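The values are calculated or read from the model by the stated rules, or taken from the named source; none is laboratory data. Please read these numbers as outputs of a predicted model, since none were measured by experiment. With ideal geometry, Cβ positions are generated from the backbone for all residues, glycine too; neighbour counts draw on all protein chains shown.
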Amino acid sequence: MEKNIRKNHEQKNPKNIRAIIECYEEIPCDPCEIACKYGAIIIGKPITNIPVLDMEKCTGCGLCIANCPGLAIFVVCENYTDTLGTVSLPFEILPLPKKGQRVKTLNRNGQYVCRGEVVKVIETKSFDRTPVVTIAIPRNKVDEVRGIEIPKR
Amino acid sequence: MNNRIVEHPILGKIDDKEMVTIKVDGKKIKAKRGEMIIAALVANGIRINRYTLKKKEPRGIFCGIGQCTDCVMVVNGRINVRTCITPVVDGMVIQTQQGLEPRRDKIE
Amino acid sequence: MNRWELIVIGSGPSGLTAAIEAAKNKVKVLLIDENIKAGGQLFKQIHKFFGSSAHYSGIRGINIGENLIKKAEEVGVKVLLNRIAIGLFKGKKVVVKQGLDNKGKNIEIFEADKIVIASGAAENAIYFPGWTLPGVMSAGAVQTMINVHRVLPGKKILMVGSGNVGLIVSYQLIQAGAEVKAVIEALPKIGGYEVHADKIKRLGVPIYTSHTIVEAKGNLEVEKAVIAKVDKNWQTIPNTERILKVDTISVAAGLKPLIKLVRMADCKCIYIPELGGWVPIHNKNMETTYSGIYVAGDVTGVEEANTALEEGRLAGIAVAESLGYLDKKIACNIKTEIWERLKDLRSGPFGENRFKAKNEIIREY
């Protein structure tokens, strides 16, 4: 996993916004390929191929995020402002954060990273109950933040 | 105690199905019409369905699909009713089973 | 009516697709299930399925179930629920018991030209001191309680087993509002897909590999679980014991095919651990060694909903063909396509063993 994350860091990002597909095993699954209307995700045959992202074609639109059954796709933007970047992630837990809400962000192991502000929440019928939440965080955290702390019920 | 999942990110808000009243070891509890007996019990914090005959050990749900018989209780006088696949009916009388009869010694 | 061209036993994904494909080709189909609702395990699967976008991927199991049941009705499948097949006898007689445990039961006898046994699989138990305490239950029971009955079986859960079932149910427990204290796995490596494990790791759930459950403690119900590290020989390593305060222990230790009816009909079986144990031998038409009796889904080997859907289709098409309702050439083309899709679903490191095992079954026929 670590090797793959470093590879993601290194990929040149002309538009400074990109999808990150954290799916590194050969499992039979290809909805992400169909979801991308720009053809930026390539799986081909057999469908166990690991998805490859074409950075030139990726616009960071985020359609792939809700369509991945494994919730393994994120969209990161490094220059939301001079100091802030954003991470968009799928969030299928209640309570769903609201726009403007301050949240505690978590890394891949569920450990606290930093505070962030929710800048967008998208829920549409085509996302089929997988809302996509965009959080603004310090730019240097975009490759670390992958979750939001849920308040204990 | 209410262990019902009232709001769920995928399943939505719980439906407001009609409630009925059933008796469990003499105590009245509310259940949703047509739900499995085990659901009504667990919703009310009741996880013991029966006690074994010889060692008087407690047993509760294990497989949840009618295969293991760990969840059987006495229902309207009938023993060995699998509560995980039997729906509630208004006025149903349910008793903790011990061996092959309703449990008599209630004091633990 | 007691005589049918096809009786399908089990209305899970494979039973439903078998019934639908046969009925679409004008076969008179009776579909029976012991439960009061059709759909088998589909109605617990609130997550989006993997697989090919050409077939049901990205759709939640519950919606696939609804669609299939609707389709079965549309194509004229007769569905009888609350019917448990208690006997399968010569002449393809199916003896069925109807009725709830708390009411009187009724025996019905049906005869068929062809039968598809789609009885699925059931969960394995693992034994440890305290395993009989209320609060110790199968992962499937947990899933039924939270996703079908909408009730929390407990508030603090220990999940035993890190295969896809253990990982998915752990995630669904969090969605239901419970806390998963840990997932433990006896092997040194997580059993299921990394993406499933990542989902719960992000939510702070620790996954302890090379760990086993030592004991479930509690007076009348589970109050604590004792776990410990194991060495290469499955022996617990001294001084690695840890106590977890949990009220529920969910056991996800694999499934085994429910072959009771298959054995009653004297169909030959073969033991294949990769597929869950004893499985019926069948040919490329999903027909067993008893002519006219077919099998499909988890009863032929524990795989996934996707493969079950395809195997059911295969059996349904094969039955329609053998009854003369479907042209041989057309049937052959459809079956070839289905086998291609099955090959796809059984590729990659997770599917390879199942692919080999399934080929072994067909070779044995």
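Descriptive notes on the structure:
- Note on the range C:189-226: residues that are on the phi < 0 side of the Ramachandran plot, more than 14 Å from chain A (Cβ to nearest Cβ) and surrounded by fewer than 21 Cβ atoms within 10 Å (Cβ to Cβ) total 11.
- Matching residues, the range A:77-100, being more than 14 Å from chain C (Cβ to nearest Cβ) and either crowded, with 16+ Cβ neighbours inside 10 Å or among the hydrophobic types (A, V, I, L, M, F, W, C) (or both): A:C77, A:E78, A:Y80, A:L84, A:G85, A:T86, A:S88, A:P97
- As a summary of the residue check, C:A253 satisfies the conditions (1) small (G, A, S); (2) under 23 Å from C:G316 (Cβ atoms); (3) out of contact with any strand residue (DSSP E or B) (no Cβ under 6 Å at 6 or more places or on another chain) except for the one numbered (2).
- Matching entry among C:I334, C:I272, C:I338, C:I361 (being under 30 Å from C:V95 (Cα atoms) and at pLDDT 95 or above): C:I272
- Residues (charged (D, E, K, R) and within 13 Å of chain A (Cβ to nearest Cβ)) located in the range C:341-363: C:R341, C:K343, C:D344, C:R346, C:E352, C:R354
- For C:I64, the conditions (1) away from chain A (no Cβ under 14 Å); (2) of a type in the set (V, I, T); (3) closer than 22 Å to C:A315 by Cα all hold with the exception of (1).
- Residue that is closer than 27 Å to C:N102 by Cβ and either surrounded by fewer than 18 Cβ atoms within 10 Å (Cβ to Cβ) or modelled with pLDDT of 95 or more (or both), where the choices are C:G12, C:G40: C:G12
- Where C:N239 falls short, out of the listed (1) over 26 Å from B:G64 (Cα atoms); (2) touching a residue at least 40 places away in the same chain (Cβ under 8 Å): (2)
- Selected residue (criterion: surrounded by the most Cβ atoms within 10 Å (Cβ to Cβ)) from residues of the range C:15-37 that are closer than 23 Å to C:I330 by Cα and out of contact with any strand residue (DSSP E or B) (no Cβ under 7 Å at 6 or more places or on another chain): C:L16
- Every condition in (1) among the hydrophobic types (A, V, I, L, M, F, W, C); (2) surrounded by fewer than 22 Cβ atoms within 10 Å (Cβ to Cβ); (3) more than 7 Å from every other protein chain (Cβ to nearest Cβ); (4) in contact (Cβ under 8 Å) with a residue 12 or more places away in the chain is met by B:V6 except one, and the failing one is (4).
- Tally of residues being in contact with a Leu (Cβ under 9 Å, 6 or more places away or on another chain) and closer than 21 Å to C:I227 by Cα across the range C:172-199: 12
- Residues in the range A:54-66 that are touching a residue at least 40 places away in the same chain (Cβ under 8 Å) and touching a strand residue (DSSP E or B) at 6+ places or on another chain (Cβ under 9 Å) were compared, and the one that is farthest from C:G61 (Cα to Cα) is A:M55.
- Of the strands (runs of 3 or more DSSP E) lying entirely inside the range C:80-140, the ones with 3 or more residues being more than 9 Å from every other protein chain (Cβ to nearest Cβ) are found at C:83-89, C:93-98, C:106-117.
- Qualifying residue in the range B:13-28 (condition: more than 29 Å from C:H47 (Cα to Cα), of a type in the set (D, E) and touching a residue at least 12 places away in the same chain (Cβ under 8 Å)): yes
- Residues located in the range A:99-153, provided they are under 27 Å from B:G12 (Cα atoms) and of a type in the set (A, V, I, L, M, F, W, C): A:V103, A:L106, A:V118, A:V119, A:V121, A:I122, A:F127, A:V132, A:V133, A:I135, A:I148, A:I150
- Positions within the range C:184-229 being out of contact with any Phe, Trp or Tyr (no Cβ under 8 Å at 6 or more places or on another chain), among the β-branched types (V, I, T) and either modelled with pLDDT under 95 or assigned to a helix (DSSP H, G or I) (or both), in sequence order: C:V195
- Unique match (being more than 23 Å from C:A305 (Cα to Cα) and either surrounded by fewer than 21 Cβ atoms within 10 Å (Cβ to Cβ) or in contact (Cβ under 8 Å) with a residue 60 or more places away in the chain (or both)) among C:G51, C:G87: C:G87
- Residues that are of a type outside the set (G, A, S) and not in a helix (DSSP H, G or I) within the range C:295-331 comprise C:V295, C:V302, C:E303, C:E304, C:L323, C:Y325, C:L326, C:D327, listed in sequence order.
- Within the range C:289-303, being buried (at least 18 other Cβ atoms within 10 Å of the Cβ) and touching a residue at least 60 places away in the same chain (Cβ under 8 Å) holds for C:I293, C:Y294, C:V295, C:A296, C:G297, C:D298, C:V299, C:T300, C:G301, C:V302.
- Residue that is out of contact with any Ser or Thr (no Cβ under 8 Å at 6 or more places or on another chain), over 18 Å from C:G120 (Cβ atoms) and in contact (Cβ under 8 Å) with a residue 12 or more places away in the chain, where the choices are C:K284, C:K268: C:K284
- Residue-level analysis places B:M1 among those that are more than 7 Å from chain C (Cβ to nearest Cβ), exposed (fewer than 14 other Cβ atoms within 10 Å of the Cβ) and in contact (Cβ under 8 Å) with a residue 24 or more places away in the chain.
- Which listed residue, of A:V103, A:V133, is buried (at least 16 other Cβ atoms within 10 Å of the Cβ), closer than 26 Å to B:I5 by Cβ, within 14 Å of chain C (Cβ to nearest Cβ) and in contact with a Phe, Trp or Tyr (Cβ under 6 Å, 6 or more places away or on another chain): A:V133
- Filtering B:G34, B:G45, B:G66 for residues that are closer than 14 Å to C:P134 by Cα, within 11 Å of chain C (Cβ to nearest Cβ) and either part of a loop (DSSP other than H, G, I, E, B) or at pLDDT 95 or above (or both) leaves a single hit, B:G45.
- Within the range A:1-75, helices (runs of 4 or more DSSP H) holding 1 or more residues that are at pLDDT 90 or above and on the phi > 0 side of the Ramachandran plot: none
- Given (1) within 10 Å of chain A (Cβ to nearest Cβ); (2) over 19 Å from B:I48 (Cβ atoms), number of the condition C:K155 does not satisfy: (2)
- The single residue among A:I65, A:I47, A:I42 that is crowded, with 23+ Cβ neighbours inside 10 Å, among the aliphatic types (A, V, I, L, M) and away from every other protein chain (no Cβ under 12 Å) turns out to be A:I65.
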